[in-house]
Amino acid sequence: MNLVAKRYARAFRESFSDDLQSALQALERVCALYEIEEFIEVLQSPYYPNTAKQAILADVAQDNDARFQRFLEVVGEHKRFGILPQVYKELCAWVQRQQNAYQGYLYCNQEVPDLSALETRVCALLNITLSLQSVLVEQEGICLQIPDLGIEVAFYKNHFLHQLKHFIMEAI
């Protein structure tokens, strides 16, 4: 994670310590704009003044809090509108750490209908609250990732067969 984004996230968190949830929702609405190519072009364009960019972000945020407006001003003054999604991710990760609740992903080539049993087992092993989401992939095998904890457990068929062949060749 970008060090500058971490500093902005810490300042944001300290400024909104009393009402962080609503400020995060406003920042989430702003970060949704970063999925639109035209918006990114406007942010990167030198032809639009920072005040116009800030006004667009403030309108989308729908937050009239002076602290949020000042946050956008500071980001604009330093021409760092591009790091807002990273700031949002850092803040979400911090909130997850505080609540000890994490989002995990189960990558598999088949649909897994019931993830609750796996969630329960992983929660018991790691002493956390976990919400799993199933993701379909082409590769044969299974992979469990919890990005904010840096955990990845994977078993892939191709990798297993390669290791088995290597072990047999060494034994001969």
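The values are calculated or read from the model by the stated rules, or taken from the named source; none is laboratory data. Since this is a predicted model, take the numbers as computed values, not measurements. All Cβ positions, glycine included, derive from the backbone under ideal geometry; neighbour counts span all protein chains shown. Just so you know, the surface numbers come from the protein's heavy atoms only, side chains and all, with ligands and any DNA or RNA stripped out. Shrake-Rupley method; radii C 1.70, N 1.55, O 1.52, S 1.80 Å.
Of the residues that make up segment 117-136, is at least one in contact (Cβ under 8 Å) with a residue 24 or more places away in the chain, surrounded by 15 or more Cβ atoms within 10 Å (Cβ to Cβ) and either charged (D, E, K, R) or closer than 30 Å to Gln54 by Cα (or both)? Scanning segment 117-136 turns up no residue that is in contact (Cβ under 8 Å) with a residue 24 or more places away in the chain, surrounded by 15 or more Cβ atoms within 10 Å (Cβ to Cβ) and either charged (D, E, K, R) or closer than 30 Å to Gln54 by Cα (or both). For the condition touching a residue at least 12 places away in the same chain (Cβ under 8 Å), out of contact with any Leu (no Cβ under 6 Å at 6 or more places or on another chain) and closer than 16 Å to Tyr102 by Cα, Ile142 does not qualify. With the condition kept exactly as written, say whether any residue in segment 93-101 is open to solvent by less than 40 Å² (accessible area, probe 1.4 Å), under 30 Å from Glu138 (Cα atoms), hydrophobic (A, V, I, L, M, F, W, C) and not in a helix (DSSP H, G or I). Yes, segment 93-101 has at least one match. Considering only segment 9-30, I want to know if a residue exists there that is in contact (Cβ under 8 Å) with a residue 60 or more places away in the chain and touching an Asp or Glu at 6+ places or on another chain (Cβ under 7 Å). Yes, segment 9-30 has at least one match.
Quick test for you: out of Glu77, Glu90, Glu38, pick the one residue that is under 21 Å from Asp148 (Cβ atoms), out of contact with any Leu (no Cβ under 9 Å at 6 or more places or on another chain) and either at pLDDT below 90 or among the charged types (D, E, K, R) (or both). Full working, then the answer.
Details: Glu77 fails: under 21 Å from Asp148 (Cβ atoms); Glu38 fails: under 21 Å from Asp148 (Cβ atoms).
When all the criteria are applied, what remains is Glu90.
The set of residues in segment 40-57 being open to solvent by 20 Å² or more (accessible area, probe 1.4 Å), touching a helix residue (DSSP H, G or I) at 6+ places or on another chain (Cβ under 8 Å) and assigned to a helix (DSSP H, G or I) consists of Ile40, Val42, Leu43, Gln44, Asn50, Thr51, Gln54, Ile56.
Please determine whether any residue of segment 115-132 is out of contact with any helix residue (DSSP H, G or I) (no Cβ under 7 Å at 6 or more places or on another chain), more than 29 Å from Gln96 (Cα to Cα) and not in a strand (DSSP E or B). Checking segment 115-132: not a single residue is out of contact with any helix residue (DSSP H, G or I) (no Cβ under 7 Å at 6 or more places or on another chain), more than 29 Å from Gln96 (Cα to Cα) and not in a strand (DSSP E or B).
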